[in-house]
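Before any comments, here is the structure.
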Amino acid sequence: MIQTKSVYTFHSLPTMKYGVGALEEVGHLAQGFGSTVLVISDPIMESLGVVDNCLNYLHAQGLQTHVYTGVVSEPVDTYVDEGLKLLQDTQCDVIVSIGGGSCIDTAKAIAVVATNGGYVGDYMKMQKIVAIRPVPHIAIPTTAGTGSEATDATVITDTKNDIKMMIKQPAFMPSAAIVDPLLCLTSPKSITAATGIDALSHAIEGYLSRLAHPYSDLLALSAMELIINNLLPSYEDGTNLTAREAMSLGSMQAGAAFSNASVALVHGMSRPIGALFHVPHGISNAMLLPAVLEYSKDACIPRLAKIGTFFAGQTTVSYTEEQLADLVIDSIKDLCKQMNIGNLRQYGIEEDAFFQAIDKMATDAIASGSPANNPKVPSFDDLKALYKIVYDYEF
């Protein structure tokens, strides 16, 4: 299942600061990159005072700031255009993104397009190679799930064609990241669930990917252990700083793992659902993960069994590899139920509209390239069948 070559490439962040109170370092960090900062965030972070808190640390170091808080949904190309215009008009030479994956992904795109030009979609599938160093970008996640602060990928929706563009090049990696679990304490249960399952999906797919390798495995396994043991505690008690800190670290590790090993079928199927039906990325991953693992199981039992040991914990029960693989699937179903994640029908997506879109979703999923990394590579007909299964899948 894993690629057999013995030479691998691993891309990682130049600088990462993480831990309780790490946000306080943003001014010192930004000062090393420039003098005028564009802060990219969203209205929720602004209303919670998170943006002002960040600005205070920047101002304390004598930095000038401008703010773009137009990210009000998952990232689309129009946000990139708006943020880019503001950056150019104000001549900002540093970007700080603070928020969920939408804010970070938007900032990644702006940083690259600002110096290399063109439309962000031009960079998909290496059609346009980044030749000029992007604007320095400091990524600060406020959720434990995206992992985007540790990846060289961005996902931006092409609003004209309703396609989520998966764009991956080393230049999209942020210049630095700050991971402060204190920023996650304000996440409501629904966001904690969605982003937590997203992080778990990143770790699982990074580990099961056909492109996985020993270094990515280390990160993926560590991430899974942290997430599996701390997701439900952080969901049940958002003030549990120990669980939040573990989730922040696990999310970061999962991001680094999948950035280097690639995601697979879950993400390939998830992006078209998000583009057409506007289901948040983490939720659509959760809706897909158990069914996709059932489909893939026979091709990756030993690896699923390794994941199963994290769910088994200290139990004295003796499991076979296949039983451990089944335990993974059953445990994820139970986790989704406990965090009130429903299927696509329960989410409110109209059945006829969904089924009419299946051919397009299957086509777009294959075009993304991610399904080809799955332990069991699906055909077009397999994908159509899976979309039908997950519509009213029972956890």
Stretch Glu46-Tyr18 to full length: gain in nm at 0.36 nm per residue minus the Cα-Cα span?
7.9 nm
In Å³ per residue, the alpha-carbon convex hull of segment 19-115 encloses 90
Spacing of the two label points (7 Å from each Cα toward its C-beta) at Thr90 and Asn161, in nm
3.2
Using a 7 Å offset from the Cα along the Cα-to-Cβ direction at both Glu322 and Thr78, what is the distance between the two label points in nm, to one decimal?
5.3
By how many degrees, 0 to 90 and rounded to 10, does the Cα axis of helix 265-277 deviate from the longest principal axis of the chain?
60
The chain accessible area per residue, 1.4 Å probe, protein heavy atoms, integer Å², reads 39
Lysines near Lys168 by alpha-carbon distance under 25 Å, same-chain residues fewer than 8 away left out - which ones?
Lys5, Lys17, Lys85, Lys108, Lys125, Lys128, Lys160, Lys360, Lys376
For the chain, the accessible surface attributable to carbon and sulfur atoms (probe 1.4 angstrom, ligands and nucleic acids excluded) amounts in percent to 51
Read phi for every residue in segment 208-223 and hand back ³J(HN,Hα) as whole Hz from Karplus 6.51 cos²θ - 1.76 cosθ + 1.60, θ = phi - 60°, with x for Gly and Pro.
8, 4, 5, 9, 5, 8, x, 6, 5, 4, 4, 5, 5, 5, 4, 4
Calculate one ³J(HN,Hα) per residue across segment 134-147 by plugging θ = phi - 60° into the Karplus curve 6.51 cos²θ - 1.76 cosθ + 1.60, and present them in order as whole Hz with x for glycine and proline.
x, 4, x, 9, 9, 9, 10, x, 10, 10, 9, x, 4, x
Residues with amide H under 5 Å of Gly99's amide H, sequence separation 5 or more or different chain, H placed in the peptide plane at 1.01 Å from N; which?
Ile140, Thr142
Counting only DSSP loop positions in segment 299-395, the trypsin sites (Lys or Arg not before Pro) whose Cβ has at most 12 other Cβ atoms within 10 Å are none
How many Å³ per residue does the convex hull of the Cα positions in segment 167-289 occupy?
108
Points 7 angstrom from Cα along the Cβ direction at Asp352 and His59: gap in nanometres?
5.5
Bins of 20 Å, beginning at zero and ending with the bin holding the largest distance: percent of Cα pairs per bin for the chain, please.
30, 59, 11, 0
How much of the DSSP bridge set in the chain is antiparallel, in percent, rounded to the nearest 5?
20
Excluding residues fewer than 8 places away in the same chain, name every one of the aspartates and glutamates whose C-alpha is closer than 12 Å to that of Lys297.
Glu321, Glu322, Asp326
Residues meeting the amide H criterion for Thr157 (H placed from the backbone, H to H distance under 5 Å, 5 or more places apart or on another chain) are Val76, Asp77, Met165
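The values are calculated or read from the model by the stated rules, or taken from the named source; none is laboratory data. What you see is a predicted model; the values in this text were computed from it and never measured. Note that each Cβ is placed from the backbone with ideal geometry, even for glycine, and that neighbours are counted across all protein chains shown. Just the protein is used for accessible areas: all its heavy atoms, side chains included, with ligands, DNA and RNA removed. Shrake-Rupley method; radii C 1.70, N 1.55, O 1.52, S 1.80 Å.
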